[in-house]
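Working notes, beginning with the structure itself.
The values are calculated or read from the model by the stated rules, or taken from the named source; none is laboratory data. Just so it is clear, the structure is predicted and the values come from calculations on it, not from any experiment. In this analysis, Cβ positions are derived from the backbone assuming ideal geometry, glycine residues included, and neighbour counts consider all displayed protein chains. What goes into the accessible areas is simple: the full protein's heavy atoms, side chains included, and nothing from ligands, DNA or RNA. Shrake-Rupley method; radii C 1.70, N 1.55, O 1.52, S 1.80 Å.
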Amino acid sequence: YLENLPGKKQKIIADLGCGFADINQHFKDNSRFKFHNFDHYSANELVVSRDIKNTELEDYSVDISILSLAMWGSNCSDYITEAYRILDTGGTLLIGEPFKRWNKELDEQDKPINKLVTMLEENNLTIIKTDVGKFMFIECRKT
């Protein structure tokens, strides 16, 4: 996704629940991206150890927030709230999560209810694109 972004303007990215900051390391030689990496445990010097419900970043300070396999905490709705808070208007939230984890319940027509999409919409995020397979990739926007 990041490699295909048009333009040359630097993007500020918050990787929430980043693990070893692999995305940051992939782009380490690319000055187009500036990363803020957070996880409960700091695996290296690139990662700030912090509950991602409170990054301490300024409001509207991030162009892109990433939650990749990060929605495991019992307070994961707080992660969405924090991502929304730090995103600039028009900013993008990218989420990668296992499909089955969020689609266990069925509606009246026996179709899966996507609880993650519901949570995003309840937090005033607009779903731009959803790719579904074993994992879901969701792109949404703060408008």
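What the table below lists for this structure:
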| item | result |
| --- | --- |
| Residue-by-residue Karplus 3J(HN,Hα) for the range 125-141, coefficients 6.51, -1.76, 1.60, Hz, glycine and proline x | 9, 9, 6, 9, 7, 10, 10, 10, x, 4, 10, 9, 10, 10, 10, 9, 10 |
| Rounded to the nearest 10 Å², the accessible area of GLU3 at probe 1.4 Å | 120 |
| For ASN37, residues with placed amide H under 5 Å, excluding near neighbours | ASP15, VAL48 |
| Square roots of five times the Cα gyration tensor eigenvalues for the range 23-105, Å | 21, 16, 14 |
| Unsatisfied cross-links (Cα-Cα over 22 Å) in the set LYS34/LYS115; LYS53/LYS129; LYS104/LYS134; LYS11/LYS100 | LYS34/LYS115; LYS53/LYS129; LYS11/LYS100 |
| Carbon and sulfur %, accessible surface of the chain computed with the full protein complex present, 1.4 Å | 49 |
| Probe 1.4 Å, all protein chains present, accessible-area order of TYR60, TYR41, TYR84, TYR79, largest first | TYR41, TYR60, TYR84, TYR79 |
| Leading residue at positive end of dipole, the range 40-143 (Cβ point charges), from GLY96, TYR84, PHE135 | PHE135 |
| For the range 96-105, Karplus couplings with θ = phi - 60° (6.51, -1.76, 1.60), whole Hz, Gly/Pro x | x, 8, x, 4, 4, 4, 9, 10, 7, 8 |
| Antiparallel bridge percentage (DSSP; both residues within the chain; nearest 5) | 45 |
| Coordinate range along principal axes, alpha carbons of the chain, Å, largest first | 49, 33, 28 |
